[in-house]
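Reviewing the structure listed below.
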Amino acid sequence: MTDIDAPLRFEDVEFGDELPELEPDVSMATVHVFTAATGMTFGRFNDHEEARKAGLPAAIVPGIMSQGIMVAQIHAWAPGATVRKIDTIFRAPVLVDSSPRCRGVVTDIDDENRVVEIDLTLVNEAEETRVLGTALVAF
């Protein structure tokens, strides 16, 4: 892309392109806002001690928040694009107050329909994949 401020166009996307890494805020304060907005005010999300009592290592980020993080990464990369579908696999919980990173790479391009497929991962500080997914993104 020649103009850094110009929105990403379909013609600019190439197989293997990596999306800029996203470092989402999964602090307790942010998770509280998310869970209040979604009506998911459960101890496993909002309280480290309650989560530990339930057998978890700490409070966990809700799965739909992890999906939202992945979609946010796509929109940061291509603000004008539409996420048609996101399919995720939750391997292990993302912990509240941790420092995860979201990564993505273009794995397929459909020129006829102007759609790209992106593989996404949400990893923890130890580089362990916690959530992975695939998104179909239309331009």
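Computed from the coordinates by the stated procedures, all read-outs in this text should not be read as laboratory data. Since the model is a prediction, treat every value here as computed from it, not as a measurement. Cβ: placed from backbone, ideal geometry, glycine included. Neighbour counts: every protein chain shown.
Miscellaneous remarks
- Ranked Phe10, Phe90, criterion: other C-beta atoms within 10 Å, fewest first: Phe90, Phe10
- Between the residues Val26, Gln73, Thr38, the greatest Cα displacement towards the positive end of the dipole of the range 9-75, with unit charges on the Cβ of Lys, Arg, Asp and Glu, is found for Thr38.
- Result for the chain in a Gaussian network model with C-alpha springs under 10 Å: among Leu122, Leu56, Leu19, the largest mean-square fluctuation is at Leu56.
- Per residue, the convex hull around the alpha carbon atoms of the chain comes to 112 Å³.
- Applying a DSSP loop filter and a limit of 13 other Cβ atoms within 10 Å to the GluC sites (Glu not before Pro) in the range 1-103 leaves Glu14, Glu21.
- Per residue, the chain reaches -7500 deg cm²/dmol at 222 nm when only DSSP H runs of four or more residues are counted, each adding -39500 (n - 2.57).
- 0 to 90° range, to nearest 10: angle between helix 63-77 axis and the chain longest Cα axis: 30
- Ordered by the number of other Cβ atoms lying within 10 Å of each residue's own Cβ, fewest first, Val131, Val33 fall into the sequence Val33, Val131.
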